[in-house]
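See below for the structure under consideration.
The values are calculated or read from the model by the stated rules, or taken from the named source; none is laboratory data. Quantities reported herein were computed from a predicted structural model and do not represent experimental measurements. FYI the Cβ positions are ideal-geometry reconstructions off the backbone, even for glycines, and counts take in every protein chain you see.
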Amino acid sequence: MDSDALPLSRATVERDARRREQGIETIVADPRLRVLRVRRGRVEGDERGIAFDDAVAPGAEAVYLGRDAEGWSYVADLGGGHEETGDRGRALDDPQGPPSGISVRDVGWQLTPRDAGLSAAALALAGWHASHRFCSRCGAPTTIGLAGWERHCVADGTALYPRTDPAVIMAVVDDDDRLLLGHGVAWPEGQFSVPAGFVEPGESLEAAVRREVAEETGIEVGEVTYQGSQPWPFPASLMLGFRGRALTTEPRPDGVEVTEAMFVTREELTRLLADGAIRLPRPTSIAHHLIAEWYGRDWPLQPWVSA
């Protein structure tokens, strides 16, 4: 698996980290400026891509995302910093109306590499700023700095930096080369994917793979090999993909996170998809690509068609 080719890893804009020290006020004065807006967990735009502006809205928090080979500077306008994050969606009777803009989780695979990379960084930073408005040590307010890549406690000067939560996601196969799929308790009926979960403190990635699979499905995993990774800014994960070898073959779903689990052959998966009995993850997710990699060159959903 080529990590650089995964939908949200296809960044082309140089992050230009040294320039952050100039401060956002200097950067937004650049005449070659492109501003993307993050509102309510989405990036403003449509199926054609990001809708860029040439200025940051008055009073908005802003983050410098980098500069491209043509000399354009990119800045994310985060609004007042209190917007809902995570692309959770809203009811139709919401006084603000239904969410608008690009749902990167849904259509990230359709974006250009430039727009995919910018959106992933902007959404992750928007989520971090919204959840770190107060110091974790003393509770005092924090202010934005380093062109959006830092926050400072106004009381004791503590510097806070963006955090990323590592999560493992794995294609587990048995000795007959069958793939383990599970249905999450909160998912729509028929939605299946490969196991996934967060890495716990003091735990290796391989140990996290084995623990998560055992906890959710009762399957013991032996050999674990790394496959690839991509950012998942919903709100702040890095998804680390693995292949795992199953040592047992009788799934026992925990009923808390996973309600159904099964091993499938390629032929069985093909039939289930054709019958509409199951749906698989959208192509934006690394899960889609782990499944496709296991299935092989005749994968029925390639190149980018979701069930």
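Hey, can you tell me all the residues within the stretch 229-264 that are not in a strand (DSSP E or B) and not aliphatic (A, V, I, L, M)? Break it down into steps so the answer makes sense when it comes.
Applying the first criterion (not in a strand (DSSP E or B)) to the stretch 229-264 yields 233-236, 247-257.
If the condition is that a residue be not in a strand (DSSP E or B) and not aliphatic (A, V, I, L, M), then Pro233, Phe234, Pro235, Thr248, Thr249, Glu250, Pro251, Arg252, Pro253, Asp254, Gly255, Glu257 are the ones that fit.
Out of the stretch 52-75, which residues are in contact (Cβ under 8 Å) with a residue 40 or more places away in the chain and more than 19 Å from Pro162 (Cα to Cα)? Outline the logic, then answer.
So in the stretch 52-75, the residues in contact (Cβ under 8 Å) with a residue 40 or more places away in the chain come out as 61-69, 72-75.
Scanning the stretch 52-75 gives Arg67, Asp68, Ala69, Trp72, Ser73.
Using the structure shown, decide if Phe242 is surrounded by 15 or more Cβ atoms within 10 Å (Cβ to Cβ), of a type in the set (A, V, I, L, M, F, W, C), within 23 Å of the chain's Cα centre (by Cα) and at pLDDT below 95. When the stated conditions are applied, Phe242 does not pass them.
For the stretch 18-47, taking the residues that are touching a residue at least 24 places away in the same chain (Cβ under 8 Å), outside any strand (DSSP E or B) and not charged (D, E, K, R), the one that is farthest from Asp68 (Cα to Cα) is identified as Gly41. Within the stretch 172-187, one or more residues are more than 15 Å from Phe263 (Cα to Cα) and free of Cβ contacts under 8 Å to residues at least 60 places away in the same chain.
Suppose we keep only residues that are part of a strand (DSSP E or B) and out of contact with any Phe, Trp or Tyr (no Cβ under 9 Å at 6 or more places or on another chain) within the stretch 184-220. Which one would you say is nearest to Glu293 (Cα to Cα)? Before the answer, list the steps.
Of the residues in the stretch 184-220, the ones part of a strand (DSSP E or B) are 184, 191, 193, 196-198.
Narrowing the set further to residues that are out of contact with any Phe, Trp or Tyr (no Cβ under 9 Å at 6 or more places or on another chain) leaves 191, 196-198.
Details: Gln191: 19, Ala196: 17, Gly197: 20, Phe198: 22 Å.
The extreme case among them is Ala196.
Any residue at all in the stretch 119-136 that is more than 15 Å from Phe234 (Cβ to Cβ), assigned by TED's automatic domain parsing to the domain that holds Ser73, more than 24 Å from the chain's Cα centre (by Cα) and among the hydrophobic types (A, V, I, L, M, F, W, C)? Within the stretch 119-136 (the criterion being more than 15 Å from Phe234 (Cβ to Cβ), assigned by TED's automatic domain parsing to the domain that holds Ser73, more than 24 Å from the chain's Cα centre (by Cα) and among the hydrophobic types (A, V, I, L, M, F, W, C)), the answer is yes, since at least one residue qualifies. With respect to being exposed (fewer than 14 other Cβ atoms within 10 Å of the Cβ) and either under 27 Å from the mean Cα position of the chain (by Cα) or at negative phi (or both), Asp254 falls outside the description.
The numbered conditions (1) farther than 30 Å from Trp128 by Cα; (2) within 18 Å of the chain's Cα centre (by Cα) are all true for Pro281 except (1).
The single condition among (1) surrounded by fewer than 20 Cβ atoms within 10 Å (Cβ to Cβ); (2) hydrophobic (A, V, I, L, M, F, W, C); (3) part of a helix (DSSP H, G or I) that Ala277 does not satisfy is (3). Can you confirm whether the stretch 13-22 contains a residue that is modelled with pLDDT under 95, closer than 20 Å to Pro233 by Cβ, touching a Gly at 6+ places or on another chain (Cβ under 7 Å) and crowded, with 16+ Cβ neighbours inside 10 Å? Scanning the stretch 13-22, I find no residue that is modelled with pLDDT under 95, closer than 20 Å to Pro233 by Cβ, touching a Gly at 6+ places or on another chain (Cβ under 7 Å) and crowded, with 16+ Cβ neighbours inside 10 Å, so the answer is no. In the stretch 289-296, is there at least one residue being at pLDDT 95 or above, part of a loop (DSSP other than H, G, I, E, B) and in contact with a strand residue (DSSP E or B) (Cβ under 9 Å, 6 or more places away or on another chain)? Within the stretch 289-296, not a single residue is at pLDDT 95 or above, part of a loop (DSSP other than H, G, I, E, B) and in contact with a strand residue (DSSP E or B) (Cβ under 9 Å, 6 or more places away or on another chain).
Taking the options Thr143, Thr225, name whichever one is among the hydroxyl-bearing types (Ser, Thr, Tyr), surrounded by fewer than 16 Cβ atoms within 10 Å (Cβ to Cβ), under 26 Å from Asp4 (Cα atoms) and in contact with a strand residue (DSSP E or B) (Cβ under 9 Å, 6 or more places away or on another chain). Please lay out each step first, then the result.
Values: Thr143 fails: under 26 Å from Asp4 (Cα atoms).
So the residue among Thr143, Thr225 that is among the hydroxyl-bearing types (Ser, Thr, Tyr), surrounded by fewer than 16 Cβ atoms within 10 Å (Cβ to Cβ), under 26 Å from Asp4 (Cα atoms) and in contact with a strand residue (DSSP E or B) (Cβ under 9 Å, 6 or more places away or on another chain) is Thr225.
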